[in-house]
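Only the coordinates and a few stated rules stand behind these numbers; no lab work does. Not measured: the values here are computed from a predicted model. Here the Cβ is made from the backbone with ideal geometry for all residues, glycine too, and neighbour counts use every protein chain on show.
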Amino acid sequence: MLMRAYAMGIFPMSEHRDDPEIFWVDPRRRGIMPLDGFHISRSLRRRLRRGDFRVSVNRDFAAVVDGCADRDDTWINAEIRRLYLALHLKGRAHSLEVWDSAETLIGGVYGVTLGAAFFGESMFSRRTDASKIALAFLVDRLNLGGFTLFDTQFLTPHLASLGGQEVSRAAYHARLREAITQEADFTAPPVPTVQEVMQRNTQMS
């Protein structure tokens, strides 16, 4: 049912952590991240060049979900956590983690794949720019894996500063219909170096 919902352009949320109910959302204005328009600012480039972090893929999906839910106001309740862990075990949901030099999880992002669409669910950061690092590596991975749509659900000021855009519901559904008929692979690309991510981003820009 959850994958059918994504194919229709809707996604689940809960009012808060302790609410057992789930409701479905289909925003009138949809946030997307153009895969050829991710913006690496000068400050983020400096942060990337420091290289005092490591990126992994699907190393600890549950910890990323829990990191995203670890805030005062969250839409991730116990049922949503259970559902996405089940999707991860089926190979339909994936995480990208950012670790510091002491192997502490400092940021990450997770989402769902269907065809050539990636549905970004949530991200978190426990250190400055950790979520931006996660997004830079995620966009690079989606490009290498053949994805054509990166759905961010809503457009926040944070996402807008990185190149995120807002489109109408009709425009989103048109892109979605095309993307889910195509093939892409989230797990195939190897984890790149920082230099590779920045070089490919410069070439796209």
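For the stretch 16-43, the tally of residues that are over 18 Å from the mean Cα position of the chain (by Cα) and surrounded by 14 or more Cβ atoms within 10 Å (Cβ to Cβ) stands at 3. Scanning the stretch 30-39 for residues that are in contact (Cβ under 8 Å) with a residue 12 or more places away in the chain and part of a helix (DSSP H, G or I) turns up nothing.
Being touching a residue at least 12 places away in the same chain (Cβ under 8 Å) and out of contact with any helix residue (DSSP H, G or I) (no Cβ under 9 Å at 6 or more places or on another chain) narrows it down to one of R49, R82, R71, so name that one. Let's see the steps before the verdict.
On the way: R49 fails: out of contact with any helix residue (DSSP H, G or I) (no Cβ under 9 Å at 6 or more places or on another chain); R82 fails: touching a residue at least 12 places away in the same chain (Cβ under 8 Å).
Just a single option satisfies the conditions, and that option is R71.
Here is a list: R71, R54, R59. Which entry is assigned to a strand (DSSP E or B), basic (K, R) and touching a strand residue (DSSP E or B) at 6+ places or on another chain (Cβ under 9 Å)? Only one candidate passes the filter, namely R54.
Of everything in the stretch 44-62, what is under 30 Å from F11 (Cα atoms) and either polar (S, T, N, Q) or surrounded by fewer than 14 Cβ atoms within 10 Å (Cβ to Cβ) (or both)? Give them in sequence order.
Taking the stretch 44-62 first, the residues under 30 Å from F11 (Cα atoms) are 55-62.
If the condition is that a residue be under 30 Å from F11 (Cα atoms) and either polar (S, T, N, Q) or surrounded by fewer than 14 Cβ atoms within 10 Å (Cβ to Cβ) (or both), then S56, N58, A62 are the ones that fit.
Only a single criterion out of (1) over 22 Å from P20 (Cα atoms); (2) assigned to a loop (DSSP other than H, G, I, E, B); (3) touching a Phe, Trp or Tyr at 6+ places or on another chain (Cβ under 8 Å); (4) not hydrophobic (A, V, I, L, M, F, W, C) is not satisfied by H94, namely (2). Going through (1) over 16 Å from the mean Cα position of the chain (by Cα); (2) of a type in the set (D, E); (3) surrounded by 15 or more Cβ atoms within 10 Å (Cβ to Cβ) one by one, D151 falls short only on (1).
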